[in-house]
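What follows is a single structure, written as structure tokens, with notes after it.
The values are calculated or read from the model by the stated rules, or taken from the named source; none is laboratory data. Keep in mind that this is a model prediction, so the values were computed, not measured. Note that each Cβ is placed from the backbone with ideal geometry, even for glycine, and that neighbours are counted across all protein chains shown.
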Amino acid sequence: MKKVKTRKPRANRRTRAERKARDGAPTPGTTPERRPPVEEAEESREAVYIRFGEPPEGGASRNLLTRAYEGGVSCYRGWRMGAGGSASYVIDIPGELSILDLLGQATGAVRFMQEGRPVYVLEGGEEVGKGGDGEPVVVGAEPRLLSPFARLDLPAW
């Protein structure tokens, strides 16, 4: 039987996890502390509606599954954080939606971003109902095209 030598750890030697923890990096089994963007600037946030793609000419979106017209323009609820040229936006997809509506809205937002659709902020207007994925449907809103360089975040669930 062969004897295996084991090295005794030196008293002053730190493990990789201890070094990472000391440097502030997350270690296995822990998650970094992160405040959602909405909470970071709560005092300077403003509720807005966010739309991917140009609003339809007739003023009514179509449900992609049923192909039926909705009662207005479908969009996402969101927040404008800050003001002026330094404003950023956060899409607000409520976590209390049904799992199907939650998945529909979240995958839709990611898909629209990947497609490179232009992003509009719908200013003013009135929410008159819900679309096929539980998203707000708005009438009477004025669309304003966002810069392609504007910061747009997803919810930090």
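Of the strands (runs of 3 or more DSSP E) lying entirely inside segment 75-157, those containing at least 1 residues that are in contact (Cβ under 8 Å) with a residue 60 or more places away in the chain and charged (D, E, K, R) span 119-130, 151-153. Kindly check whether there is at least one residue in segment 112-120 that is polar (S, T, N, Q) and within 13 Å of the chain's Cα centre (by Cα). Among the residues of segment 112-120, not one is polar (S, T, N, Q) and within 13 Å of the chain's Cα centre (by Cα), which makes the answer no.
Note on segment 40-64: among residues that are charged (D, E, K, R) and in a loop (DSSP other than H, G, I, E, B), the one that is modelled with the lowest pLDDT is 57.
Please go through segment 107-117 and give me each residue that is loosely packed, with under 14 Cβ neighbours inside 10 Å and in contact with a strand residue (DSSP E or B) (Cβ under 6 Å, 6 or more places away or on another chain), ordered by number. Result: 117, single match. Filtering 95, 85, 104 for residues that are over 15 Å from residue 155 (Cα atoms), over 11 Å from the mean Cα position of the chain (by Cα) and either surrounded by 12 or more Cβ atoms within 10 Å (Cβ to Cβ) or at pLDDT below 90 (or both) leaves a single hit, 85.
Among residues of segment 121-136 being in contact with a Cys (Cβ under 8 Å, 6 or more places away or on another chain) and not acidic (Asp, Glu), the one that is surrounded by the most Cβ atoms within 10 Å (Cβ to Cβ) is 122.
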